[in-house]
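Sharing a structure with you now.
The values are calculated or read from the model by the stated rules, or taken from the named source; none is laboratory data. Model, not experiment: these values are computed from the prediction. Neighbour counts run over all protein chains shown; Cβ positions are idealised from the backbone, glycine included.
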Amino acid sequence: MRLNCSYFVLMQDFSDKYGKVAYFGLWAEEYADEFGKRDAWEILRNALKRTKDEDVKSDELEAALHFLERGKDRVRPFQDFRKAITIHDPGERYWAMKDAMQRIWKGL
């Protein structure tokens, strides 16, 4: 189920909470994006773990996909992931999501 919401809402910045934080005397701005990617990736991993038992489609998952997808030339793995979460059969959905995630990981 695709929810109707603005693009602005979907563009959650997962790195925002890590910005402007002193870390061992250094500003963590340069690391904020990496930490944001880690958090967004964890949302995808969690969805994969739960997908055999429940519908994992959510605004949070879509926001994580958008965050990881921004600035990427290869968007096909992200499209495939979005398609995979709509597959009815839980086993087939799991393997399709896992395949797309492996390709997303290679592009990060």
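In region 62-104, how many residues are among the hydroxyl-bearing types (S, T, Y) and loosely packed, with under 13 Cβ neighbours inside 10 Å?
Matching residues across region 62-104 total 1.
Another one. Report, by residue number, each residue of region 65-108 that is among the β-branched types (V, I, T), under 14 Å from R45 (Cβ atoms) and free of Cβ contacts under 8 Å to residues at least 40 places away in the same chain.
First, pick out the residues of region 65-108 that are among the β-branched types (V, I, T): 75, 85-87, 104.
Keeping just the survivors that are under 14 Å from R45 (Cβ atoms) gives 85, 104.
Matches in region 65-108: I85 only.
If you don't mind, another one. Of K17, K52, which residue is modelled with pLDDT of 55 or more, basic (K, R), within 30 Å of D89 (Cβ to Cβ) and more than 11 Å from the chain's Cα centre (by Cα)?
Going through K17, K52 in turn, the sole match is K52.
Could you please let me know if A32 is at pLDDT below 90, surrounded by 13 or more Cβ atoms within 10 Å (Cβ to Cβ) and over 13 Å from the mean Cα position of the chain (by Cα)?
On the way: at pLDDT below 90: yes; surrounded by 13 or more Cβ atoms within 10 Å (Cβ to Cβ): yes; over 13 Å from the mean Cα position of the chain (by Cα): yes.
Answer is yes for this residue.
Hey, does region 55-63 have a residue that's in a loop (DSSP other than H, G, I, E, B), modelled with pLDDT under 95 and touching a helix residue (DSSP H, G or I) at 6+ places or on another chain (Cβ under 7 Å)? Working first, answer last.
If we filter region 55-63 for residues that are in a loop (DSSP other than H, G, I, E, B), which is where we start, we get 55-58.
Next cut, modelled with pLDDT under 95 only: none.
No: zero hits.
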